[in-house]
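The values are calculated or read from the model by the stated rules, or taken from the named source; none is laboratory data. Only a predicted model underlies this, so the values are computations on that prediction, with no experimental measurement involved. Counting neighbours? That spans all protein chains shown, and the Cβs are built from the backbone with ideal geometry, glycine included.
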Amino acid sequence: MTKTSLILASASAVRAMLLKDAGLEFDVEDSRLDEEALKQGFAGRDDVADTDALALRLAEEKARTVSRAKPRALVIGADQILSCDGQRYDKPKSMAEARANLQAFRGRPHILHSGVALVANDVVIWSHAAQAQLTMRDFTDSFLDEYLAQVGERVLKSVGCYQLEGPGVQLFERIEGDYFTILGLPLLPLLAELRKHGIATL
């Protein structure tokens, strides 16, 4: 593999930043996967293991979609799902939905399920799932209003309506898990696997 034969099958600026900061050279191809159709196959399967499996499946299918067009490349797929009290959440579609989601997360723990996969020639050659548990403070409605006014529509870019690297960190009282998993890309196991392919060497 050459350095230019690595592709990230994601439009996520955060995932691209993590890979770039780790010293990798890669191209970006948005898979444009129909995620809703795939999620329907997991409807009613809401426990932790099933949500892990869904995050992995989404990561794998994103990578496979790009791999079919670029069969000689090694393709990274990644996805993340949030679950709280057995319910899965997608990225909010409006500020009102973001506010309602944050009210639902307030004062209780939620889980971020992150999946990552490597695909070559439409074959999944490696995959990994990881979890992080985050507990939000029991903040007031006035604090929530101030937070949303400060961050604005940036909350719509995150499944949890926050970015820990910004003001969103003030929503939390406890965080348990790997930082990269929280950002949506379990980076350390991915780098370990890429080194086996001669890609993540410095």
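Given the conditions (1) among the polar types (S, T, N, Q); (2) out of contact with any Cys (no Cβ under 9 Å at 6 or more places or on another chain); (3) surrounded by 16 or more Cβ atoms within 10 Å (Cβ to Cβ), and given that Q103 satisfies all but one, which numbered condition is not satisfied?
Against the list (1) among the polar types (S, T, N, Q); (2) out of contact with any Cys (no Cβ under 9 Å at 6 or more places or on another chain); (3) surrounded by 16 or more Cβ atoms within 10 Å (Cβ to Cβ), Q103 comes up short only on (3).
Residue check, Q163 against (1) farther than 21 Å from E60 by Cβ; (2) crowded, with 19+ Cβ neighbours inside 10 Å, all met but one. Which one?
Result: Q163 passes all but (2).
Please find, within region 4-22, the residue that is nearest to A192 (Cα to Cα) out of those that are in a helix (DSSP H, G or I) and touching a residue at least 12 places away in the same chain (Cβ under 8 Å).
Ranking the candidates gives L19 first.
Of L58, L33, which residue is in contact with a Gly (Cβ under 8 Å, 6 or more places away or on another chain) and within 18 Å of V159 (Cα to Cα)?
That would be L58, the only listed residue that is in contact with a Gly (Cβ under 8 Å, 6 or more places away or on another chain) and within 18 Å of V159 (Cα to Cα).
Write out, first by first residue and then by second, each pair whose Cβ atoms fall under 8 Å of each other, whose residues are 6+ apart or on separate chains, and whose first residue, in region 126-145, is under 15 Å from C84 (Cβ atoms) while the second is among the small types (G, A, S) and buried (at least 18 other Cβ atoms within 10 Å of the Cβ).
Q131/S114; A132/S114; L134/G160
Answer with yes or no whether Q80 is touching a His at 6+ places or on another chain (Cβ under 8 Å), surrounded by fewer than 19 Cβ atoms within 10 Å (Cβ to Cβ) and part of a strand (DSSP E or B).
It is false that Q80 is touching a His at 6+ places or on another chain (Cβ under 8 Å), surrounded by fewer than 19 Cβ atoms within 10 Å (Cβ to Cβ) and part of a strand (DSSP E or B).
List the helices (runs of 4 or more DSSP H) that sit entirely inside region 85-202 and contain at least 3 residues that are over 30 Å from L74 (Cβ atoms) and modelled with pLDDT of 95 or more.
Output list reads 95-105, 141-151.
Could you list, in sequence order, all residues of region 23-55 that are in a loop (DSSP other than H, G, I, E, B) and buried (at least 16 other Cβ atoms within 10 Å of the Cβ)?
Selection gives L24, F26, E29, S31, L33, F42.
Read through the list (1) in a helix (DSSP H, G or I); (2) out of contact with any Ser or Thr (no Cβ under 6 Å at 6 or more places or on another chain); (3) farther than 21 Å from D27 by Cβ, then give the number of the only condition that R64 fails.
(3)
Test A59 against the stated conditions and say whether it is assigned to a helix (DSSP H, G or I), closer than 24 Å to C84 by Cβ and at pLDDT 95 or above.
Here the answer is yes, as A59 does meet what is asked.
Looking only at region 25-77, which residues are polar (S, T, N, Q) and either within 21 Å of L191 (Cβ to Cβ) or under 16 Å from the mean Cα position of the chain (by Cα) (or both)?
Once the filter is applied, which keeps residues that are polar (S, T, N, Q) and either within 21 Å of L191 (Cβ to Cβ) or under 16 Å from the mean Cα position of the chain (by Cα) (or both), region 25-77 yields S31, T51, S67.
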